[in-house]
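The values are calculated or read from the model by the stated rules, or taken from the named source; none is laboratory data. What you see is a predicted model; the values in this text were computed from it and never measured. Ideal geometry is used to build each Cβ from the backbone, glycine not excepted, and the neighbour counts take in all protein chains shown. Surface accessibility is based on the protein's heavy atoms, side chains included, excluding ligands, DNA and RNA. Shrake-Rupley method; radii C 1.70, N 1.55, O 1.52, S 1.80 Å.
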Amino acid sequence: MGLHMCRKEVYNVLLKQIELSLDKKLDRWTNVCTVLSILRYNLDLFWAGIYYRKGKKLFLGLFQGLPACTEIEIGKGVCGTAAFKAETVIVPNVNDFPGYIACHGETKSEIVVPGFFDGQLRFVLDIDSIELDYFSNDDAYYLEKVNVYISSLLYE
Ligand code: SME
């Protein structure tokens with residue numbers, strides 16, 4: 001999917017797919033893995049995963065893709081910056097981001113979207129592409145919606 005669809009259409013389809021596949025009777029991890037898988041394969045991503053906050057650090061949670069860095073300090077790297085600012089960070093070229101944490105040499109661009117529950121930052125959704133400048137404010141808009149699903153799956 002994606003070749004003849006614009007990114008917004010892809011998100012509308014994948015959000016429907018997410019709604020249809022979530023099943024509260026299933027284990028929450030199953031549902032979150034399904035969401036990450038839907039993102040990875042519909043958006044043709046290199047890596048999609050979650051780092052959850054515990055104290056002053058982020059720890060690797062569920063992901064789709066290669067093994068990755070397991071601990072990131074809040075304030076460090078793209079993930080730690082998004083967590084510190086509590087806002088989405090888009091990095092068109094990872095080589096230009098000061099303090100970038102390179103888990104995989106393949107990644108060229110990245111977007112990290114914070115996830116909240118009860119007004120608290122609980123996790124970040126980290127998404128990587130092998131293409132430069134792969135993410136825009138449209139991705140931020142839709143991935144913030146996806147994070148609301150993930151947050152309800154994990155914490156409600
Ligand atoms: N590049 C991230 C680290 C996580 S990996 O991309 C999976 C960062 O700078 O925070």
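Name the one entry in Thr88, Thr34, Thr70, Thr30 that is polar (S, T, N, Q), touching a Leu at 6+ places or on another chain (Cβ under 9 Å) and closer than 22 Å to Glu156 by Cα.
Testing whether each residue is polar (S, T, N, Q), touching a Leu at 6+ places or on another chain (Cβ under 9 Å) and closer than 22 Å to Glu156 by Cα leaves just Thr34.
Being more than 19 Å from Asp138 (Cβ to Cβ) and in contact (Cβ under 8 Å) with a residue 12 or more places away in the chain is true for just one of Glu71, Glu87. Which residue is that?
Selected residue: Glu71, the only one of Glu71, Glu87 that is more than 19 Å from Asp138 (Cβ to Cβ) and in contact (Cβ under 8 Å) with a residue 12 or more places away in the chain.
Tell me the strands (runs of 3 or more DSSP E) entirely within segment 9-109 that contain at least 3 residues that are more than 14 Å from the ligand (Cβ to nearest atom) and open to solvent by 50 Å² or more (accessible area, probe 1.4 Å).
none
For the list (1) within 23 Å of Asp27 (Cα to Cα); (2) within 13 Å of the ligand (Cβ to nearest atom); (3) open to solvent by 80 Å² or more (accessible area, probe 1.4 Å), I need the number of the one condition that Phe116 fails.
Result: Phe116 passes all but (2).
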